[in-house]
């Protein structure tokens with residue numbers, strides 16, 4: 001059961017374009033045109049309602065082209081619609097569009113305060129493989145696929161990085177070479193190491209990341225312009241969001257996965273015609289989208305749905321029974337980046353996490369006094385009461401979301 005299927009039953013047309021990255025083909029959509037797997041930034045393959053096609057160009061532009069084409073040419077304009085527009089960017093490896101390669105080239109990004117984090121009191125944080133210093137690959141991530149074949153990195157990642165370059169067409173390679181060849185030449189001459197290498201990697205990472213984000217922003221603008229030009233902007237709700245936050249050098253990391261704030265907090269902007277303007281303080285989760293869209297469409301909301309409609313919040317209301325805590329559970333270990341399995345609860349002020357599987361470690365943070373989560377308070381004197389309250393809340397949410405993990409771990413111990 002998915003909200004696109006339920007929206008179709010309510011008379012809506014549904015479409016998804018772009019990143020899908022799930023095992024099955026999409027279901028519940030009148031139209032789907034998805035990237036294969038994670039998708040490529042350049043000259044990507046799409047699966048157009050079952051037919052695989054390669055499209056020349058840059059993924060962010062192509063995805064937007066397909067979405068606008070569906071809006072303009074393929075849908076029944078007499079019916080309401082729900083379009084999911086999923087960009088590949090800014091997923092790894094952050095390959096900018098050729099027109100954006102020089103963007104921000106003179107910007108020097110400030111080094112995050114926690115960039116050189118030593119992870120005292122946080123065993124799981126010290127055992128990941130997502131460090132900019134140690135794990136960010138020179139060829140795969142930082143585009144140093146030199147033609148002399150002198151720069152070498154992780155063999156598998158280096159091979160993939162050189163393959164990414166080889167997939168570019170002649171025009172794309174020319175733009176790529178014009179930008180990256182001088183960077184490669186300078187990198188070789190400097191022979192960087194230690195702190196200088198770490199901070200060079202950070203700057204290159206940030207530049208490419210911000211460049212691909214700029215492309216997304218530009219293409220979102222194209223969609224807004226289309227809606228405005230066709231008098232649809234004030235009759236359409238637009239949700240701009242992500243699947244998670246991302247580390248931009250905080251704790252020395254790239255990627256996501258951990259329940260620490262930088263990746264736990266997910267970007268989300270909503271344009272609701274007639275709604276309030278400004279920040280909404282209440283805690284909203286991605287599981288809330290389905291209930292919200294169904295309520296907006298006047299469709300029944302299933303009783304077994306786990307999320308809550310945030311439509312009242314968009315109208316400026318503050319429901320007294322709105323959630324005051326969030327639950328998180330990360331399962332994917334051992335796997336890429338080797339972040340330990342963990343679950344936890346977050347309230348407006350505190351966060352309690354349990355890392356498990358091949359370790360058994362608890363972490364407690366006071367987000368008011370320690371927003372960067374550098375000081376693990378678990379088992380510290382004076383935290384007994386707040387720990388008990390968080391444990392009770394954790395167990396309540398595990399029961400609510402039918403996650404029996406603690407009882408399963410108890411059976412194994």
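Bear in mind that the values in this text are calculations on the coordinates, not laboratory data. Here the structure is a predicted model, which is why all the values come from computation and not from measurement. Glycine gets a Cβ as well: all are built from the backbone with ideal geometry, and neighbour counts include every protein chain shown.
Exposure proxy check: 355, 115 ranked by fewest other beta carbons within 10 Å?
115, 355
Sort out for me the Cα centre separation of the stretch 63-142 from the stretch 299-317, rounded to whole Å.
Using only Cα atoms, the two centres lie 29 Å from each other.
What 222 nm value per residue comes from the helices of the chain, counting each DSSP H run with n ≥ 4 as -39,500 (n - 2.57) and dividing by all residues, nearest 500 deg cm²/dmol?
The helix-only estimate for the chain comes to -10000 deg cm²/dmol at 222 nm.
Candidates (1) 60, 57, 36; (2) 63, 62, 41; (3) 95, 78, 36; which is the computed Cα extents along the principal axes in Å?
Label of the calculated value: (2).
Compute the distance from the alpha-carbon center of the stretch 243-266 to that of the stretch 325-401, in whole Å.
15 Å
Given the chain, what percent of its DSSP beta bridges are antiparallel, to the nearest 5?
Expressed as a percentage, antiparallel bridges in the chain total about 75.
Give, to the nearest whole percent, the P(r) tail of the stretch 51-201 beyond 29 angstrom, counting all Cα pairs.
35 percent
Give me the percent relative contact order of the chain, please, defined on Cα pairs under 8 angstrom at least 6 residues apart.
13 percent
What percent do you get for the relative contact order of the stretch 100-208 when only Cα pairs under 8 Å and 6+ apart count?
It rounds to 33 percent for the stretch 100-208.
Only Cα pairs under 8 Å and at least 6 apart count here; give the relative contact order of the stretch 326-412 as a rounded whole percent.
18 percent
Quick one: plug the Kirkwood hydrodynamic radius of the stretch 326-412 (C-alpha pairs) into Stokes-Einstein at 37 °C, 0.692 mPa s, and report D in µm²/s.
240 µm²/s
For all pairs of alpha-carbon atoms in the stretch 244-295, what percent lies in each bin of width 10 Å, listed from the first bin to the last filled one?
In order of increasing distance, the bins hold 20, 42, 28, 10, 0 percent.
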